[in-house]
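Colleague: Quick one: the structure is below, questions incoming.
The values are calculated or read from the model by the stated rules, or taken from the named source; none is laboratory data. Treat the numbers as computed from the prediction; the structure is a model and nothing was measured. We place every Cβ from the backbone using ideal geometry, glycine too, and count neighbours over all the protein chains shown.
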């Protein structure tokens, strides 16, 4: 039997207890403070923390600029479903493509390799022709135990059916039975049709691919999945069912703000890009007298074109909404990361330019939203300049996949945890051989292969109306920005 302590032992025990009381109080206070702080601190985005690898719903939107509601790119835009996704994730308000053209932008994102390193500059190059050994984002997920399935436009053109990238891929035929007659008054050589269609979304390409994605989400899944939904809208042609035009009455349409003679201080190659349709691979180059902008104005089609683009955005948004609703109703809702991105921007008269094919902000800026289940960043905006090239390493990071060497991007997870943290990495954009743009939080610097330069202070000049490159006052800034240009450029043979 254990003996009771002596009185001297009792005294020593009381003294030790008195000495430890302050320490106990401090510990209790720390516990209370930490618990209280947990009520106010945003939970960190950790990706995988319960042994389950998250699924990925990967939504690509074709030719979508920043005309979405939460980015306030245009006052008439109606994108309730994209905005709802932004409310449940983090939106990168200054996200930029690697190239302002479908093929090089998409190949860059999906391989993690910039155009200056891959040599994919135009729509004419094929993925495996230029990069036979590249491991695409979907390949890496497949190698990590995922199934990779897709529908619609993820890669451009003939690269769409890359066998190494997909377990299953659905691309319906394009029906022309509901095409309108040419509703625009522009010459056939200069433009393409736009106007309302007498059909339902089920009869359209993006509606059919949405139906396929919805069916996939309703199925039980044996593996974690990477499911890619690629919309072809709002790419031309701007033909969608009538009800989406009705959302944007023509008498309410506001035109983009432009400056007369905006191209006067733009170097020769910049003018070429503004007035011509130029594909660096030579697949489809042509020019119209005076350029597209003068043609649109001369034929009084500017408000009609803006209406058609807005209507086509609303149609795309509706299909995205159908897919998001299907996910929310499925068994995968609480374990699926959602990524929405556009492949590049689109001009509708800004800088006297239409389409993409240029290195200005409007051509290269596009929506990027990432929603992580219980990520704690719902509705947050990150204003740091980021690139679509960063998506590959970001998804590796969020899903806990093995890291890959040779990727040109950087994970955005630190910005997802803290959208205002310091970020010294500018965004790089390329269009053709050795034509580049550098974007920081304040400056856009453009240098063309022939030595022409543009510099815009976007804090004072968000519309990029005043080219400062010829002003000696900004020579030091140009030198600093030019240090971020690629040191090597893949030479086109």
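Colleague: Sort out which residues of the range 112-134 are in contact with a helix residue (DSSP H, G or I) (Cβ under 8 Å, 6 or more places away or on another chain), part of a helix (DSSP H, G or I) and within 19 Å of residue 364 (Cβ to Cβ), and write them in order of number.
Modeller: Answer for the range 112-134, where residues must be in contact with a helix residue (DSSP H, G or I) (Cβ under 8 Å, 6 or more places away or on another chain), part of a helix (DSSP H, G or I) and within 19 Å of residue 364 (Cβ to Cβ): 115, 118.
Colleague: A further question on this structure: Among the residues of the range 66-75, is there at least one that is without any contact (Cβ under 8 Å) to a residue 60 or more places away in the chain and surrounded by 24 or more Cβ atoms within 10 Å (Cβ to Cβ)?
Modeller: No, every residue in the range 66-75 fails to be without any contact (Cβ under 8 Å) to a residue 60 or more places away in the chain and surrounded by 24 or more Cβ atoms within 10 Å (Cβ to Cβ).
Colleague: Any idea which of 277, 266, 296 is buried (at least 17 other Cβ atoms within 10 Å of the Cβ) and at pLDDT 95 or above?
Modeller: Unique residue meeting the criteria: 266.
Colleague: Might you let me know whether the range 391-403 holds any residue that is in a loop (DSSP other than H, G, I, E, B), touching a helix residue (DSSP H, G or I) at 6+ places or on another chain (Cβ under 9 Å) and without any contact (Cβ under 8 Å) to a residue 60 or more places away in the chain?
Modeller: The answer is yes, given that some residue of the range 391-403 is in a loop (DSSP other than H, G, I, E, B), touching a helix residue (DSSP H, G or I) at 6+ places or on another chain (Cβ under 9 Å) and without any contact (Cβ under 8 Å) to a residue 60 or more places away in the chain.
Colleague: Checking residue 481 against (1) part of a loop (DSSP other than H, G, I, E, B); (2) closer than 25 Å to residue 113 by Cα; (3) touching a strand residue (DSSP E or B) at 6+ places or on another chain (Cβ under 9 Å), which single condition isn't satisfied?
Modeller: (1)
Colleague: In this structure, is residue 440 surrounded by 22 or more Cβ atoms within 10 Å (Cβ to Cβ) and either touching a helix residue (DSSP H, G or I) at 6+ places or on another chain (Cβ under 8 Å) or within 22 Å of residue 382 (Cβ to Cβ) (or both)?
Modeller: Considered against the rule, which asks whether it is surrounded by 22 or more Cβ atoms within 10 Å (Cβ to Cβ) and either touching a helix residue (DSSP H, G or I) at 6+ places or on another chain (Cβ under 8 Å) or within 22 Å of residue 382 (Cβ to Cβ) (or both), residue 440 comes out as no.
Colleague: If the requirement is being touching a residue at least 24 places away in the same chain (Cβ under 8 Å), closer than 12 Å to residue 387 by Cα and touching a helix residue (DSSP H, G or I) at 6+ places or on another chain (Cβ under 6 Å), which of these qualifies: 105, 98?
Modeller: Working: 105 fails: touching a helix residue (DSSP H, G or I) at 6+ places or on another chain (Cβ under 6 Å).
Testing whether each residue is touching a residue at least 24 places away in the same chain (Cβ under 8 Å), closer than 12 Å to residue 387 by Cα and touching a helix residue (DSSP H, G or I) at 6+ places or on another chain (Cβ under 6 Å) leaves just 98.
Colleague: On the given criteria, is residue 434 over 30 Å from residue 56 (Cα atoms), at pLDDT 95 or above, part of a loop (DSSP other than H, G, I, E, B) and out of contact with any helix residue (DSSP H, G or I) (no Cβ under 6 Å at 6 or more places or on another chain)?
Modeller: Yes.
Colleague: Starting from the range 451-476, take each residue that is on the phi > 0 side of the Ramachandran plot and at pLDDT 95 or above and list its partners that are surrounded by fewer than 17 Cβ atoms within 10 Å (Cβ to Cβ) and not in a loop (DSSP other than H, G, I, E, B), counting only C-beta distances under 7 angstrom and pairs at least six apart or across chains.
Modeller: Matching pairs, first to second residue: none at all.
Colleague: For the structure I just gave you, tell me whether residue 234 is touching a strand residue (DSSP E or B) at 6+ places or on another chain (Cβ under 8 Å) and surrounded by fewer than 20 Cβ atoms within 10 Å (Cβ to Cβ).
Modeller: no
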